[in-house]
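Written below as structure tokens is the structure these notes are about.
The values are calculated or read from the model by the stated rules, or taken from the named source; none is laboratory data. Note that this is a predicted model, so its numbers are computed, not measured. Neighbour counts run over all protein chains shown; Cβ positions are idealised from the backbone, glycine included. Remember, those area values only see protein heavy atoms, side chains included, never the ligands or the DNA or RNA. Shrake-Rupley method; radii C 1.70, N 1.55, O 1.52, S 1.80 Å.
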Amino acid sequence: MKTNLYLFLALLLLLFAGCGKDEPAVDPEPDGPDTPTTENTSTYVPIDWEKTQITKMDMKTGDVTLTFTDKAPEFENGLSLIVLETDTSTYIRRVMNTDVSNKTATLQTVEANMTELFADTEFTLSLAPSAERAPTKSGTASIDANGILHPVRIIEINENNSYRTLYDIHQEIPQTRAEGETGLNISFPEIDNSGKVISASEDGNLALYWDTYKQNFSLNATAHFKFGKAVNEKKITEDLKIKVSELEEFRFTIGAKAQWDMILGASAKGKFKYEENDITIAKGMFKPRVFTFFTPTGIPVIITLGSDLLGDFSADGDAKIEIKGGVNFSGSLTTGIEYKEKKWQPIGERHLNTKYIRLKSRPSPIST
């Protein structure tokens, strides 16, 4: 019998570049003959979501209706960019047609991306909340003395897609002190999946399970973006071209302090042959969390962070036996990814105290 396990930290970066579960895929436009075009620069239209409600949003058709408490802002067809913000997603949209009546704006929009929105700028995000406050045209931001952006809201998403607010900059008392959390750090309640069956053969002759699985950890993360000047060209329609930037540098790192007890068990009875890749050994070591930020110009940015523990498992033989083995480790690690000079590369380091639990076997008590 043999097993092969690996730890995979799924860092789900849903950076608001038109991302969302309901966002349709957009096919590239076919190349056509050259026609007279107009080159323009996009203009971001800030929206104060404390005074604005989305009454309609259809990403398939691009139809959006906004209702404002105050006067509706002015939009310029083809050039105005907006960022639609919900509790768990943001969408960059280019306004192509506008119909404003009183305090209601009916917009026809198309998908846009970060290179249309940002140019000749760079900023750093930290997932740890801060007491710093700064007003913007889209609401209150949290920006410290070093210019680092901190979240204004943290949402935790449940398996049924419901969610709860862990932190909100507008709450007098931050909500991060619930369910085992002791402060504004990104800490997580202890998880115990001991005894849980991970995978099993259809005939029931072989099963992989957690004899012991306990985790307790906290983490912090930072993300850095750098965009160049808007010198590239993008065709929006046959008659409209705009200047866009290019992502020059990106860096995302996670620093974690962790303690894990992971002892796997496998039980066999009779003849078996089994192989499976990318088994989800621990689904959602922590629930996905959505972090919302505001840049100094009021542009919202969203990062979603989640994790799974994955592994490969294969075995063949003929036995009645139970086997257990695993690892206990504690310490700190930093992991991440960097984009620079048009190349992606992993980065990180670790400082862990590791104790391996040697494989132990005994005859299976299960009778056939």
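I'm checking my understanding of the structure. Among residues of region 127-154 that are closer than 27 Å to LYS229 by Cβ and either hydrophobic (A, V, I, L, M, F, W, C) or at pLDDT below 90 (or both), which one is most open to solvent (accessible area, probe 1.4 Å)?
Across region 127-154, the extreme among qualifying residues is LYS137.
Quick one: which of THR67, THR121 is of a type in the set (Ser, Thr, Tyr) and more than 30 Å from LYS340 (Cα to Cα)?
THR67 is the lone residue from the list that is of a type in the set (Ser, Thr, Tyr) and more than 30 Å from LYS340 (Cα to Cα).
For (1) in contact with a strand residue (DSSP E or B) (Cβ under 7 Å, 6 or more places away or on another chain); (2) at pLDDT 75 or above; (3) open to solvent by 70 Å² or more (accessible area, probe 1.4 Å); (4) under 23 Å from ALA230 (Cα atoms), each residue gets a yes or a no:
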site: ASN4; (1), (2), (3), (4): yes, no, yes, no
site: ASP34; (1), (2), (3), (4): no, no, yes, yes
site: VAL45; (1), (2), (3), (4): yes, yes, no, yes
site: ASP70; (1), (2), (3), (4): no, yes, yes, no
site: ILE82; (1), (2), (3), (4): yes, yes, no, yes
site: ASP87; (1), (2), (3), (4): yes, yes, no, no
site: THR106; (1), (2), (3), (4): yes, yes, no, no
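Could you say whether any residue in region 112-119 is within 22 Å of the chain's Cα centre (by Cα) and surrounded by fewer than 17 Cβ atoms within 10 Å (Cβ to Cβ)?
no
Restricting attention to region 39-78, which residues are farther than 22 Å from HIS170 by Cβ, under 30 Å from the mean Cα position of the chain (by Cα) and not in a strand (DSSP E or B)?
Once the filter is applied, which keeps residues that are farther than 22 Å from HIS170 by Cβ, under 30 Å from the mean Cα position of the chain (by Cα) and not in a strand (DSSP E or B), region 39-78 yields THR41, SER42, VAL45, MET59, LYS60, THR61, GLY62, GLY78.
Taking interchain pairs and intrachain pairs at least six residues apart, which have beta carbon atoms under 6 angstrom, with the first residue in region 40-64 and farther than 20 Å from SER101 by Cα and the second among the polar types (S, T, N, Q)?
These pairs meet every condition: THR43/SER80.
Starting from residues that are crowded, with 16+ Cβ neighbours inside 10 Å and of a type in the set (Ser, Thr, Tyr), keep the ones in region 230-257 and report whichever is modelled with the highest pLDDT.
In this case the residue turns out to be SER245.
Mind checking which residues of region 207-226 are modelled with pLDDT of 90 or more and open to solvent by 10 Å² or more (accessible area, probe 1.4 Å)? Working first, answer last.
Start the filter on region 207-226 by keeping residues that are modelled with pLDDT of 90 or more, which leaves 223-226.
Those that are modelled with pLDDT of 90 or more and open to solvent by 10 Å² or more (accessible area, probe 1.4 Å): HIS224, LYS226.
Only one of (1) at pLDDT 90 or above; (2) surrounded by fewer than 12 Cβ atoms within 10 Å (Cβ to Cβ); (3) outside any strand (DSSP E or B); (4) not small (Gly, Ala, Ser) fails for GLU29. Which number is that?
(1)
Within region 308-343, count every residue that is at pLDDT 75 or above, open to solvent by 40 Å² or more (accessible area, probe 1.4 Å) and of a type in the set (D, E, K, R).
Matching residues across region 308-343 total 4.
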